[in-house]
Amino acid sequence: MFKAFVVLLICSLLAGCGMKDIDKRFYVVTTGVDWTGNPEKPFRVSLRLAITSNKVESGSSRTQIQTVEAPSIAEAVRHLKAFVDKELDFGHCRVFILGKDLVANGNPDAMSWFARRRDIQKVAFVGVGEPDALSVLKVTPESERFPGNALFLTFGNEGTESSYTVTTYLFDLTRRHFEEGMDPVLPVIRSLDKTYQIDRVLLMDKARMRLILNPDETQLYNMTANEAGKSEVKMPYRDGRIVLTVNQIRTHTDIAIGEVPLVTLKVYMSGILEESPPEALENDWNGIERQLGKRFSSEVEDLLYKIRDAGVDPYGFGLHYLATTFGNKQDFAHWKSVYPEVRFKVVTHVKITGPGVVR
């Protein structure tokens, strides 16, 4: 009798399963947050929900979008549960899109919801939607086989690999928001008819947007900051044009500590000529390497000064400076005071491995 009582007592302490079945859950594949301009309800949260299907082919992805305005992101998500008949699951949400107006005017502290929620992957991708996040969510590419798969392939480099596309992870965005000496970087996702155009990058300080780079500047940033291969360096040459496909690229940064620091960025790249006038290499192989390196250095220096004048530091030069000093508050205060006058020097070494053809 006593044993039966003990068994019954143990069974009473066991908890039941709180997990809902798959058919009772809505998987959120993309989340968009826009700025409404309404002080009472400044956030418009949009969720792209995947509708399960047994068909797996191009153009077969089925989704629905739910949108609501609220004083905060957390309240909006709670309210959106009243719009659907299944439990919202963020475990498969790998893309978060912030509206351009939100980045320009919004409160960055409200974005802490993404980092605090336990069921959101910290390796999720973050971008800026243009003209807004909802417009990007409404795009349904005809090549998409799974809901939200087009953006997954783009940012994860599992499909296309473009040197014009910068990838920002949620954990890196959070780190750049709080870390002294480096600032956030976000890719700009432009909604077209049935596809996306992702070839620009938005630079922020700790609070809001400061600068948007054009496609050529975005490629230069991606090459020098992220060592992005499969890129290109081009220049006019005689009556034609030379295009070097960069297969490998490495960068190294040195900061000379002084009253006004000098940042030296050394770039080493190698690749093949995909386009050039006839017999250009045979006539001046080393000269072309020097000209390509000189032109690339000049373009990167112009970009660095443009970024410096905007008051942002996406490269993390400030963090590098703190690593070479004691890293205390006085050192960082000195760096902030002299950053508008920091000088840059870019040295590029180009190695052409061949003309790209077999003769």
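Each other residue within a Cβ distance under 9 Å of T264 adds +1 if Lys or Arg and -1 if Asp or Glu, for a net charge of +1. Of F296, P278, I73, which is farthest along the charge dipole of the chain in the positive direction, counting Lys and Arg as +1 and Asp and Glu as -1 at C-beta? Selected residue: I73. In this calculation the C-beta distance from T264 to K3 is compared with R0 = 56 Å, giving a FRET efficiency of 0.10.
Please check: in the Gaussian network model of the chain (C-alpha springs, under 10 Å), which one of N226, N283, N38 has the largest mean-square fluctuation. Of the options given, N283 has the highest mean-square fluctuation. For the chain, a crude dipole built from +1 on the beta carbon of Lys and Arg and -1 on the beta carbon of Asp and Glu, taken about the Cα centre, is about 1040 debye to the nearest 20. Compactness of the chain, taken as the C-alpha radius of gyration over 2.2 N^0.38 Å, stands at 1.22.
Modelled label positions at T36 and K122, each set 7 Å beyond Cα in the direction of Cβ, lie 3.2 nm from each other.
If R0 is 22 Å, what FRET efficiency do you get for N286 and D216 from their C-beta distance, rounded to 0.05?
Values: r = 26 Å, r/R0 = 1.19.
Here the calculated transfer efficiency is 0.25.
Charged side chains reduced to their Cβ positions (Lys and Arg at +1, Asp and Glu at -1) give region 22-213 a dipole of some 360 debye around its Cα centre.
I'd like to know how region 22-213 sits against the 2.2 N^0.38 Å rule of thumb: what's its Cα Rg over that expected value?
Details: Rg = 15.8 Å, N = 192, 2.2 N^0.38 = 16.2 Å.
Its radius of gyration relative to the 2.2 N^0.38 Å reference: 0.98.
So if I average 1/r over every pair of distinct C-alpha atoms in region 207-280 and take the inverse, what Kirkwood radius in Å does that give? One over the average 1/r among Cα pairs gives 14.6 Å for region 207-280. Each of S135, F43, A82 was scored by the projection of its Cα onto the charge dipole of the chain, and the greatest displacement toward the positive side belongs to A82; charges sit on the C-beta of Lys, Arg, Asp and Glu.
Given 0.36 nm per residue, what is the gain on full extension from T160 to Y305 after removing their alpha carbon distance, in nm? List each step's numbers first, then the result.
Numbers: separation 145, 0.36 × 145 = 52.20 nm, distance 3.08 nm.
Gain in length upon complete extension: 49.1 nm.
Could you tell me whether region 221-359 comes out rounded, prolate or oblate from its Cα gyration tensor? Rule is a ≥ b ≥ c as square roots of the eigenvalues, rounded for a/c under 1.5, then prolate if a/b exceeds b/c, otherwise oblate. It is prolate, given that a/c is not under 1.5 and a/b is the larger ratio. Footprinting exposure proxy ranking of I255, I97, I249, fewest other C-beta atoms within 10 angstrom first, gives I255, I249, I97.
Each value in this text was obtained by applying a stated rule to the coordinates, not by laboratory testing. Just so it is clear, the model here is predicted, and its values are computed rather than measured. All Cβ positions, glycine included, derive from the backbone under ideal geometry; neighbour counts span all protein chains shown.
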